[in-house]
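Notes to accompany the following structure.
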């Protein structure tokens, strides 16, 4: 009965099984690679701030490259420049961040209530327009603002404001804390809107009706029932939105740098362009700390409290909309106007600006298609040819699509594999660790993450050549930065696939590769596809992540646009950002289409 | 020949023991049902047989092949064990048509296309899905989905069938029909079948033998009629049978004798058990009631009358003691009425109160003889 040859033929030893299990192999490999791509860069960044660099010899006579020092931290916190380098930007970051968050939350909250709880007309098409500002690059809104409020005092041509009113706008309106807060708020209010709308949708009208029946008035019901129920979500939305604003780089840079108004994020960039790498890294760490703090707060406090309310819903759940009566159309008009102002007008402004021969003069005789179709003309824009003839722009477009596509595919596949490991090996501590590591990039503000990759692969590592300035490095950072999202979509997709579906295939004798290909992949495909599209759009509009890593040969649309904006070539930068905005909107439309597509049939059955 | 041997199988999840030193021999072609309350280890045992779980200790042999042995470090993967399984959820692949679902196993075996197609047609028409083969699982009713799962099992003609509560998702009527069909397919295929269920009617009607499990160990292995008539301990007695068996703890009235009592009632078990504390197990049908008093009968009060179609369940009390009995639907009984009760002493099962194990005149005689 016990035949030793069986052990070698049919069966395998326990250790052999553990080592040859493809899932275990993938898990260990990913753990190793991701540790190197996520944790090590951070450690390296930290070490960099704590050791003397080659360039420091210019600054200090004590500098011994490679030796430990507190110099950079002391320089940033107590040095003569600390006010300008750290404290000023820190105050600016908090100031603009908090102001923007308050505005975003107020606007988002009111709009969410109108859409979710009232009988306002036109909800279906207002909602996508209201999310537009979050879909287009944040940089587009800053450019649109500049188009209107540009002040000749800082150079360049006058904006729409001056052209119309014949008076230069006050400087506080053009640059600094006010425009940064407002544009940040415009960019992030849809984010707050989605969070609050989600919370409002969980309110069961019966709770409110219960209070009304107990004799409470409408105001009391709002104060004692509705508000406490959404409060945790509201607070979470506040902290999460704030956490997002502080990592913004392009927007505060465009509207702040001309008047030397800096946030921590723009200071990281400014210091790096000045060659003060270590100081920039100190600021990057400060930025990471701020981001960690905000996410920790939202999880600790708010996460727990809101989870307690999760019993809401379930059976007999229904949400009654509140009739606005005579206010229906006025409310609609107000919301529609707002949606137009923040969602559509900025794009129109960019479009109009891109066909103006000399910016700042708004007349029919000034209209030109030069910036789109024209060939190089030394008289205009330092001889930069129009978009369609501009080799730099065409190259950048190709690079953008290539980067977004490759990164999206790789990030989605790896995300699905990690999700598979996390879900199916839920009790394995290594699988848990892998899940955690894949989430870490979410905690890094993108500009800080980009700073980390400056030193990563600067020199060859083992068989891998030096990657600085290569397209590969851009793919690498884009993939890693998308992982938290793609793992999340992957987990949702895998969780929907019952384990028995896979076991049935296993019993039929299908290998792991065959099961993944024939069962998991097709069933996860709708989630996988939309996840891939989200990543594609996300990478396409990314600027702050890669701005530090771009070299002339690896330029993408966003960085070229940013470069033109820095040089003051408004028409070209507007044209480029408009292209990216249109591409992202197309991407989002495809996403909506996928979501409603035929694969929905499969998803229904699995739940 | 696909006899299955299970030797001293143990499976632990952390500190919990799901299977505790289980040994079992399953005859070739047998329909063996694993029965027990949820969490008793029946599904774990089935999954260990399938190879979906790796036991911690023990050995499993299928036919003449060791598929698992902790000592010899053998673990044959599920696909190499040559068995088929029907899952509780059916586990149909929602992105494949009925035909592709059934074909998958043949694909894995790299069956030539013409042979595979022929086999598919045969199996699909056998289970009555011949004209639905291009549908997707979501377009089928529960019963049809069940048939697809069955066809998928039958397609590769494995000598061993494993079934994990395959009928629990069907409505009562369909379940009855499918029992008959499952049994038919099993006997045609002559496959050794291990079937998990918590439904005792299913166990009783389909099995050649039933294994009752509790807390990871086997309580009894018997053909269904014996399981019902002679449960080997109070757990099995209580678990099998609907309405449940009457179990009453009694003490010997005299130091030697066949009469036992608990203060409320007296029962003459007809022989002399060795222990003085016993539990009497009386099936509801082993208690007869009469409207007239007679010698040796005690009077009980009727507490509730529960008509249930062909039969009526009656709850009787005497002092603190209650009994359930089963009478024909024609009996006219009222709450509060007094009736006289007789036990069919030859059908009574006697358990030692201390251990809960069955004792019988035979065991007494055996122990006396030795």
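Restricting the range B:89-116 to residues that are assigned to a helix (DSSP H, G or I) and over 27 Å from residue B:166 (Cα atoms) leaves a set whose member that is farthest from the other protein chains (Cβ to nearest Cβ) is B:114.
Does residue A:172 count as crowded, with 24+ Cβ neighbours inside 10 Å and either at pLDDT below 85 or over 26 Å from residue A:226 (Cα atoms) (or both)? The answer is no for residue A:172. Taken together, B:86, B:76 contain a single residue that is within 13 Å of another protein chain (Cβ to nearest Cβ) and in contact with a helix residue (DSSP H, G or I) (Cβ under 6 Å, 6 or more places away or on another chain), which is B:86. Restricted to the range A:193-293, the set of helices (runs of 4 or more DSSP H) holding at least 2 residues that are free of Cβ contacts under 8 Å to residues at least 24 places away in the same chain and within 24 Å of residue A:105 (Cβ to Cβ) comprises A:218-221, A:227-246.
When residue B:304 is tested against (1) modelled with pLDDT of 90 or more; (2) surrounded by 14 or more Cβ atoms within 10 Å (Cβ to Cβ), only condition (2) is not met. When A:150, A:117, A:55 are screened for being modelled with pLDDT under 85 and either surrounded by fewer than 15 Cβ atoms within 10 Å (Cβ to Cβ) or on the phi > 0 side of the Ramachandran plot (or both), only A:55 passes. Looking across the range A:482-500, the residues that are closer than 19 Å to residue A:440 by Cα and touching a helix residue (DSSP H, G or I) at 6+ places or on another chain (Cβ under 7 Å) come down to A:482, A:483, A:484, A:485, A:486, A:487, A:489, A:490, A:491, A:492. Please verify whether the range B:91-107 includes one or more residues that are under 30 Å from residue B:16 (Cα atoms) and crowded, with 20+ Cβ neighbours inside 10 Å. Looking through the range B:91-107, at least one residue is under 30 Å from residue B:16 (Cα atoms) and crowded, with 20+ Cβ neighbours inside 10 Å.
Scanning the range B:198-212 for residues that are under 9 Å from the mean Cα position of the chain (by Cα) and over 11 Å from residue B:32 (Cα atoms), we see that the one that is surrounded by the most Cβ atoms within 10 Å (Cβ to Cβ) is B:202. Within the range B:21-67, the residues that satisfy the criterion of being within 14 Å of chain A (Cβ to nearest Cβ) and in contact with a helix residue (DSSP H, G or I) (Cβ under 7 Å, 6 or more places away or on another chain) are B:50, B:51, B:52, B:53, B:55, B:60, B:65, B:66.
Exactly one residue out of A:506, A:500 is surrounded by 20 or more Cβ atoms within 10 Å (Cβ to Cβ), within 14 Å of chain B (Cβ to nearest Cβ) and closer than 21 Å to residue A:417 by Cα: that is A:506.
Screening the range B:118-147 for residues that are within 11 Å of chain A (Cβ to nearest Cβ) and buried (at least 18 other Cβ atoms within 10 Å of the Cβ) and picking the one that is nearest to residue B:51 (Cα to Cα) gives B:145.
Okay, residues lined up against (1) buried (at least 17 other Cβ atoms within 10 Å of the Cβ); (2) within 23 Å of residue A:327 (Cα to Cα):
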| site | (1), (2) |
| --- | --- |
| A:79 | no, no |
| A:92 | yes, no |
| A:102 | no, no |
| A:110 | yes, yes |
| A:126 | yes, yes |
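The numbered conditions (1) modelled with pLDDT of 80 or more; (2) not in a helix (DSSP H, G or I) are all true for residue A:182 except (2).
The values are calculated or read from the model by the stated rules, or taken from the named source; none is laboratory data. Only a predicted model underlies this, so the values are computations on that prediction, with no experimental measurement involved. Please note: Cβ atoms are built from the backbone with ideal geometry, for glycine as well, and neighbour counts cover all protein chains shown.
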